[in-house]
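A.B. asks: This is the structure, below, for whatever I ask next.
The values are calculated or read from the model by the stated rules, or taken from the named source; none is laboratory data. As the structure is a prediction and not an experimental result, all values here were calculated from the model. Note that each Cβ is placed from the backbone with ideal geometry, even for glycine, and that neighbours are counted across all protein chains shown.
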Amino acid sequence: MEINLKSTLPLRVKALLLLLMRTFIILFCSTVFSFNTGSLFSQNSKIQILENNAFSIDEIFTLIKEQTDYNFIYQEDIFKDQPKVALKKGTIQVGQLLEKSLKPNFSFSFSKETQTISIRKNEDKTLQSQLIQGIVTDENKVPLLGVSVYIKNTGRGIMTDEDGRYKIFASEGEIMVFQYLGYKTQEIEVTDKAEISVSLKLDLNSLEEVTVVSTGYQKLKKSSATGAYELITARDIQENPSINIMERLDGTVPGVRFDVANNSISIRGTNTFYGDSSPLVVIDGFPAIDQNLANAPGTALSGTSGDTNNSILSTFNMNDIESISFLKDAAAASIWGSRAANGVIVIETKKGSKRSKPIFNLSAITSVSAASDLTELNAMNSSQYIDLEQELFDKNFLTDPFSHWRYPNGSEATNAMFLAQNGSITEAERDARLEQLRNQSNIGQINDHLLRSQVTNQYNLSVSGGGDRGSYFVSGNYSKDTPVFRGNESEQYSVTANVRSDILNDKVTFDLGVNHTYSKRTVNNAALQALSPGQFGLRPYDLLLDENGNHINRAISFTPDITDDYENQGYLPWRYNAIDELSLSNTGYNKGATRVNSKINAKLTSWANLAISGIWQRTTNEKLDYNDVDSYYVRDLINIGTTVNTANGQLIYGVPMGGVMQLGNTVSEDYSFRAQLDINKDWKDIHHFDIIAGTELRESKAEGYNHTRYGYDKDASTTATVNPTTPYQTIYGYGMTLGNTDGALFKSRRRYLSYYSNANYSLLSKYTLSGSIRYDDANIVGVSRRDRAIPLWSAGAKWNAKNENFLIEKDWLSSLNLRLTYGSGGSVPTNASSVSTITLGGSDYLSGLPYAYIGTPGNQELGWETTKTLNAGLDIGFFNQRIGLNVDVYKKWSEGILVNVPYNSTYGWTSLYYNTGNLESKGYEVNLNVYPVRNEDWTLQNSFNISYNTNEVTDNRFPNNTNSPNMGSTRIITGYPVDNLFVYRWAGLDETGQSQIYTRDGEIIAPSQSAMDLEPEDLKYAGRTTPQYFGGFINSLRYKNLKLTTRITYEFGHKVLKNDIQTSFYPTSSYFSGFIGTSKTLVNRWQNPGDEKTTNVPGIVGSSYNSIQRYANSDLNVISGDNIRLNQISLSYTLPNSIVSKTNFLRSMSLSLSANNLGPIWVRNDEGIDPQYVFAGTYNSLAPSENYSLTVNLSF
């Protein structure tokens, strides 16, 4: 069965989309086909002369460049003695103008492909010229577009085309020069060879100078930026084939921690207590409506959030990304104001190139990983589990399920024990049954029928190019992730188009970008529930199939005989098998995300531009949770609500017969508008200014709903009409209602207004000063604008010491920069509001009327959380950047952090959030790049980075009165980190097998004593829960076209709890029913007096909540989180250009094999536990299996 959800867009949205589509089609077509137009790309192009005058050669060239798209190549001083040319008012063709101006002393030639005019001086030569041609590539044999190829000391020159090819006339003995930005210039003497192809080497000194980082508002040369930036290029991203972009980036960016297991990112730690510490994600200049780099199913609003299927898809098509800039300090990020405190991630998508033929790129990635090994789950085997059940039975913890019809069914083992006790079977029959169960395992059947190998496929096709007046980039992507759990899958389709068009003689540039992503995910919990504790969890001996391959259906709500009685009366089948549920209970999530951004840039002068830009983003999330009438959930729901008419014996259904369908939908929209003035001015190579100033408006809103339908007929597509507040009779003798808890709408709206400016001044390319200021206003903070709009600012300085006279001649020193910045950024408080929020609670049971209550009381004194950052940096390079070192040291002061403080309860609530907390943090980052070997055939690159971050709460306004551990919650205590871990002091088991703990003075606290007998000082500070040190080591070895890459990541300086027992499934009284925790640790539990000398695991008899919690949260179970793990090994091969060129259609081709998630190669704890994936009693607590990928890239 397939159910399609349809959304009806508002008419104004449809009209806007139609207008944008029409505009896009017009611009795209005009751009794509413009490279074939010859009107402006011809010797016959007309040049207008405005007055009679005499013009120098340079002035004539300026006229041509202003009125056409031609550029000139010539030797700088060859026109030194050339006289001026008299021209009359009117129009003249380019060719005629050059003939009149240059001949007979000079010759010229046009290149239509590269839009250049080459000019050379005519000289008498006895040597005969010959045509030289060839291909210019980089070290990886990838063709380079736009390389300058010219004959030294002449005016003859040309530029390579998009295939890296060139043709030029030269004479034997002349010197050919190959020059390209970021690469070392090469000179080759012409011989009698007609073909000269070269491979240019990277000039790391030059490359550092031209590396550009984006702040989202402007692009800056990294060499002149004062802030702390990190840049990841498209090539870096493609080094890892993972479908999760966070896995691709893990360990590559100093100061940025990618917690892949929990799908979170942090830049330089946290700046708040309870709020969101995630960095701001910006794409093509504007904040993304979806701030997650990778997503699992579900949506942001609570009304439509749901389960996960263990599948991850990246929010963005990674093949569309040109670069990712990480803004880490105030000078880099403060331009974003109130959202900059946690750092900023700026994503730039790819654009096309003008005057370029269409270039197609096709890539395909297939990845496979086996399901995790269930034997590593730290779970008991069947025999060990039966021993635990036997102890519970012997010590009267269990209730006989056969003693009352309402009791739920027990396990196969405990049922046999009770049947023998009741005399229903003999002891010999019981022992035979138990022996059979001890010797059977369900691992094989689980692997065969509930799990599978995970397979992901990614396909991407893009085309880029451009004509005389514009450029284009268009891509399409399809990704599919089939996770290890059967019945689950995720698919994603993405289309991106970026178009640029130049009009009015290149005075105005129009950019339009369109992206649409659609993802479809299916979630089925049957497999995961079978592997987890709970009602549907499988005990180690519970099989799915019998010896004949038939499904084993288990009674759950009642014993088998009671279940048979109900079924014989006409009730629906009341048994469960996880395999059946794989097709009967599914939740579908359909997500569509559209992003349309545009920009008009007008050149006011040669050094000033005015840009008007905006973006519209819309995300729709549709949820369909469908439980078929044959699913256990619906059968159980209907059966409970079904009674028997005593008069005629017929069944009365309180719940309509049919499936149950829950529909949910959320729509989020974001509008932004920006006006910005850009100034980029040089004065005689002495002074340089980069200044921007602007204003922007932004509105972000979302709304959603949930509603449930009963009695769904999938053939007729109809549902029953029900009153969810009307009671119906149940088999238990009491009334029940379906309930109306999902009828409310969810809405939110936020508006922002900002003014900003940023300025950079550079003197003699040695001394740089920077400053920025921003005013932010938002409707969610405070009431008075005076309280809302606060300035957030930064200032920075940089000294390029290498350009000083005393260092510029030192060849061994490639670069030396010192940086210092200070400034402030903000965080928008999300845990509280300036106005009271009302929560609707559905309909009242008695009156049937809707009711509401104050969900969050308003506080008109709220303000921004602000963070001030001081950053000092050093960038140094040696031996042409073969050794590069970057060091940053920083300290942060966070003020006005929201703290939930006690409040006068007579107002209706007991606490309220205020800006009263303070936090200090500090750290450093080191990034080292070394090229021990770098030549035409061999390259060895080693990259190592390490980051350190720590924090301390300096004020939370209240003394510490906590006398129990964190237990997973955040505990804010002055003088300790936010991510503190406090535990009990373990004192061993007492003679009854129950937990004991120490006070700080060594006094033993018995399990019978309450927490009131403890003081805060009795707890032990174990350390931090997040790593203080983390980083990565990347090694890359290239031999000709073969490249081997390894990536290692590490984390040090934190602690984790083992979680080796499941406290919620452990007996804590004299009675227990249901699923018992399967942790293998329980095998070593206390069972008899004297065991306390050899074990620390509490016993079952006399167990209590205090005993189990104090064991689980004691220093006994604290282990080191230090680990080093091998994340990736990849081997890639690029076909030589000599082979590719013979195909007549390929530009390049590469193949790559990669192994990922190879696991820890060292852990500090003695148990060998992987601290990133600590046992939590479920399959999801296992580390992911090794993943193997094949990647094919084609360019043509």
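A.B. asks: Residues that are modelled with pLDDT of 80 or more, touching a helix residue (DSSP H, G or I) at 6+ places or on another chain (Cβ under 9 Å) and farther than 17 Å from residue 202 by Cβ: does region 122-130 have at least one?
C.D. replies: Looking for residues that are modelled with pLDDT of 80 or more, touching a helix residue (DSSP H, G or I) at 6+ places or on another chain (Cβ under 9 Å) and farther than 17 Å from residue 202 by Cβ, one finds none in region 122-130, hence no.
A.B. asks: Still on this structure, I have one more. Among (1) modelled with pLDDT under 85; (2) crowded, with 20+ Cβ neighbours inside 10 Å, which single condition is residue 760 missing?
C.D. replies: (1)
A.B. asks: Of all helices (runs of 4 or more DSSP H) completely enclosed by region 324-442, which ones contain at least 1 residues that are outside the structural domain of residue 531 (by TED's automatic domain parsing) and under 24 Å from the mean Cα position of the chain (by Cα)?
C.D. replies: 330-333
A.B. asks: With the condition kept exactly as written, say whether any residue in region 1165-1172 is closer than 21 Å to residue 251 by Cβ, in contact with a strand residue (DSSP E or B) (Cβ under 6 Å, 6 or more places away or on another chain) and not in a loop (DSSP other than H, G, I, E, B).
C.D. replies: Checked against the condition, which is being closer than 21 Å to residue 251 by Cβ, in contact with a strand residue (DSSP E or B) (Cβ under 6 Å, 6 or more places away or on another chain) and not in a loop (DSSP other than H, G, I, E, B), region 1165-1172 yields no hits at all.
A.B. asks: Residues in region 597-604: is at least one surrounded by 20 or more Cβ atoms within 10 Å (Cβ to Cβ) and out of contact with any Leu (no Cβ under 8 Å at 6 or more places or on another chain)?
C.D. replies: No, every residue in region 597-604 fails to be surrounded by 20 or more Cβ atoms within 10 Å (Cβ to Cβ) and out of contact with any Leu (no Cβ under 8 Å at 6 or more places or on another chain).
A.B. asks: Then there is this: Given the structure, is residue 708 under 30 Å from residue 582 (Cα atoms), surrounded by fewer than 21 Cβ atoms within 10 Å (Cβ to Cβ) and among the hydroxyl-bearing types (Ser, Thr, Tyr)?
C.D. replies: Numbers: under 30 Å from residue 582 (Cα atoms): yes; surrounded by fewer than 21 Cβ atoms within 10 Å (Cβ to Cβ): yes; among the hydroxyl-bearing types (Ser, Thr, Tyr): yes.
In short, yes.
A.B. asks: Just a yes or no: is a residue in region 513-527 modelled with pLDDT under 95 and part of a loop (DSSP other than H, G, I, E, B)?
C.D. replies: Looking for residues that are modelled with pLDDT under 95 and part of a loop (DSSP other than H, G, I, E, B), one finds at least one in region 513-527, hence yes.
Residues checked against (1) over 26 Å from the mean Cα position of the chain (by Cα); (2) within 30 Å of residue 627 (Cα to Cα); (3) crowded, with 17+ Cβ neighbours inside 10 Å:
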position	(1), (2), (3)
660	yes, yes, yes
670	no, no, yes
675	yes, no, no
695	yes, no, no
703	no, yes, no
720	yes, yes, no
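A.B. asks: I want to confirm something. Restricting to region 24-69 and keeping residues that are modelled with pLDDT of 75 or more and surrounded by 18 or more Cβ atoms within 10 Å (Cβ to Cβ), which single residue is nearest to residue 502 (Cα to Cα)?
C.D. replies: Looking at the filtered set, the residue picked out is 68.
A.B. asks: Quick one: how many residues across region 496-527 are surrounded by 22 or more Cβ atoms within 10 Å (Cβ to Cβ) and among the basic types (Lys, Arg)?
C.D. replies: 2
A.B. asks: Please verify whether region 645-653 includes one or more residues that are closer than 24 Å to residue 526 by Cα and touching a helix residue (DSSP H, G or I) at 6+ places or on another chain (Cβ under 7 Å). Spell out the reasoning first.
C.D. replies: Start the filter on region 645-653 by keeping residues that are closer than 24 Å to residue 526 by Cα, which leaves none.
No, every residue in region 645-653 fails to be closer than 24 Å to residue 526 by Cα and touching a helix residue (DSSP H, G or I) at 6+ places or on another chain (Cβ under 7 Å).
A.B. asks: Here's something else I'd like to know. If residue 774 satisfies all but one of (1) at pLDDT 90 or above; (2) in a loop (DSSP other than H, G, I, E, B); (3) under 30 Å from the mean Cα position of the chain (by Cα); (4) not β-branched (Val, Ile, Thr), what's the number of the condition it fails?
C.D. replies: All conditions are met except number (2).
A.B. asks: Tally time: how many residues in region 543-559 are within 19 Å of residue 404 (Cβ to Cβ) and assigned to a loop (DSSP other than H, G, I, E, B)?
C.D. replies: Counting residues in region 543-559 that are within 19 Å of residue 404 (Cβ to Cβ) and assigned to a loop (DSSP other than H, G, I, E, B) gives 4.
A.B. asks: Quick check on this structure: which one of 160, 211 is more than 26 Å from residue 691 (Cβ to Cβ) and at pLDDT below 85? Can you show your working first?
C.D. replies: Working: 211 fails: more than 26 Å from residue 691 (Cβ to Cβ).
That would be 160, the only listed residue that is more than 26 Å from residue 691 (Cβ to Cβ) and at pLDDT below 85.
A.B. asks: Still on this structure: For region 1103-1162, which residues satisfy the criterion of being of a type in the set (Lys, Arg) and in a strand (DSSP E or B)?
C.D. replies: 1125
A.B. asks: Within region 216-268, considering only strands (runs of 3 or more DSSP E) that don't extend past its boundaries, which have at least 2 residues that are closer than 20 Å to residue 929 by Cα and not small (Gly, Ala, Ser)?
C.D. replies: Per the criteria, 229-233, 256-259.
A.B. asks: Of the conditions (1) without any contact (Cβ under 8 Å) to a residue 60 or more places away in the chain; (2) surrounded by fewer than 18 Cβ atoms within 10 Å (Cβ to Cβ); (3) among the β-branched types (Val, Ile, Thr), residue 950 fails just one. Which one is it?
C.D. replies: (1)
A.B. asks: Also, quick follow-up: Evaluate the following for residue 163: is it of a type outside the set (Gly, Ala, Ser) and within 30 Å of residue 1155 (Cα to Cα)? Quick ask: steps written out before the conclusion?
C.D. replies: Working: of a type outside the set (Gly, Ala, Ser): yes; within 30 Å of residue 1155 (Cα to Cα): no.
Spelling it out, it is not the case that residue 163 is of a type outside the set (Gly, Ala, Ser) and within 30 Å of residue 1155 (Cα to Cα).
A.B. asks: Between residues in region 925-938 that are more than 30 Å from residue 269 (Cβ to Cβ) and residues that are of a type in the set (Val, Ile, Thr) and surrounded by 14 or more Cβ atoms within 10 Å (Cβ to Cβ), which pairs lie under 8 Å by C-beta distance while being six or more apart or on different chains?
C.D. replies: From region 925-938, the pairs are 931/883; 931/939; 933/939.
A.B. asks: Cβ-Cβ distance below 6 Å, separation of 6 or more or different chains: which pairs start in region 696-708 with a residue that is among the hydroxyl-bearing types (Ser, Thr, Tyr) and end on one that is at pLDDT below 90 and outside any strand (DSSP E or B)?
C.D. replies: Correct list of pairs: 708/742.
A.B. asks: Now a separate question. Quick check on region 528-541. Is at least one of its residues in contact with an Asp or Glu (Cβ under 8 Å, 6 or more places away or on another chain), in a loop (DSSP other than H, G, I, E, B) and surrounded by fewer than 17 Cβ atoms within 10 Å (Cβ to Cβ)?
C.D. replies: no
A.B. asks: Tally the residues that are assigned to a strand (DSSP E or B) and closer than 30 Å to residue 711 by Cβ, restricting the search to region 643-685.
C.D. replies: 14
A.B. asks: Please specify each residue of region 454-488 satisfying the condition of being in a strand (DSSP E or B) and either in contact with a Pro (Cβ under 7 Å, 6 or more places away or on another chain) or among the small types (Gly, Ala, Ser) (or both).
C.D. replies: Within region 454-488, 454, 462, 463, 464, 465, 466, 470, 471, 475, 476, 479 qualify.
A.B. asks: Collect the residues in region 398-412 that are in contact with a helix residue (DSSP H, G or I) (Cβ under 8 Å, 6 or more places away or on another chain) and within 15 Å of residue 1067 (Cα to Cα), keeping them in residue-number order.
C.D. replies: The one that is in contact with a helix residue (DSSP H, G or I) (Cβ under 8 Å, 6 or more places away or on another chain) and within 15 Å of residue 1067 (Cα to Cα): 398.
A.B. asks: Still on this structure, I have one more. Going by the structure shown, is residue 765 under 27 Å from residue 804 (Cβ atoms) and surrounded by fewer than 20 Cβ atoms within 10 Å (Cβ to Cβ)? Break it down into steps so the answer makes sense when it comes.
C.D. replies: On the way: under 27 Å from residue 804 (Cβ atoms): yes; surrounded by fewer than 20 Cβ atoms within 10 Å (Cβ to Cβ): yes.
For residue 765, the condition - under 27 Å from residue 804 (Cβ atoms) and surrounded by fewer than 20 Cβ atoms within 10 Å (Cβ to Cβ) - is met.
A.B. asks: Got at least one residue in region 305-312 being modelled with pLDDT of 80 or more, crowded, with 24+ Cβ neighbours inside 10 Å and within 18 Å of the chain's Cα centre (by Cα)?
C.D. replies: Looking through region 305-312, none of the residues is modelled with pLDDT of 80 or more, crowded, with 24+ Cβ neighbours inside 10 Å and within 18 Å of the chain's Cα centre (by Cα).
A.B. asks: Identify the single condition in (1) in contact (Cβ under 8 Å) with a residue 60 or more places away in the chain; (2) outside any helix (DSSP H, G or I); (3) not β-branched (Val, Ile, Thr) that residue 566 does not satisfy, given that it satisfies every other one.
C.D. replies: Result: residue 566 fails condition (2) only.
A.B. asks: Given the conditions (1) surrounded by fewer than 22 Cβ atoms within 10 Å (Cβ to Cβ); (2) within 30 Å of residue 892 (Cβ to Cβ); (3) touching a helix residue (DSSP H, G or I) at 6+ places or on another chain (Cβ under 6 Å), and given that residue 258 satisfies all but one, which numbered condition is not satisfied?
C.D. replies: It is condition (1) that residue 258 fails.
A.B. asks: What is the one condition in (1) out of contact with any Leu (no Cβ under 8 Å at 6 or more places or on another chain); (2) surrounded by fewer than 19 Cβ atoms within 10 Å (Cβ to Cβ); (3) closer than 30 Å to residue 897 by Cα; (4) modelled with pLDDT under 95 that residue 962 does not satisfy?
C.D. replies: For residue 962, the failing item is (1).
A.B. asks: Okay, moving on. Can you run down the residue pairs with Cβ atoms below 6 Å, 6 or more apart or on separate chains, where the first is in region 226-238 and in contact (Cβ under 8 Å) with a residue 40 or more places away in the chain and the partner is of a type in the set (Phe, Trp, Tyr) and crowded, with 16+ Cβ neighbours inside 10 Å?
C.D. replies: Filtered contacts from region 226-238: 230/326.
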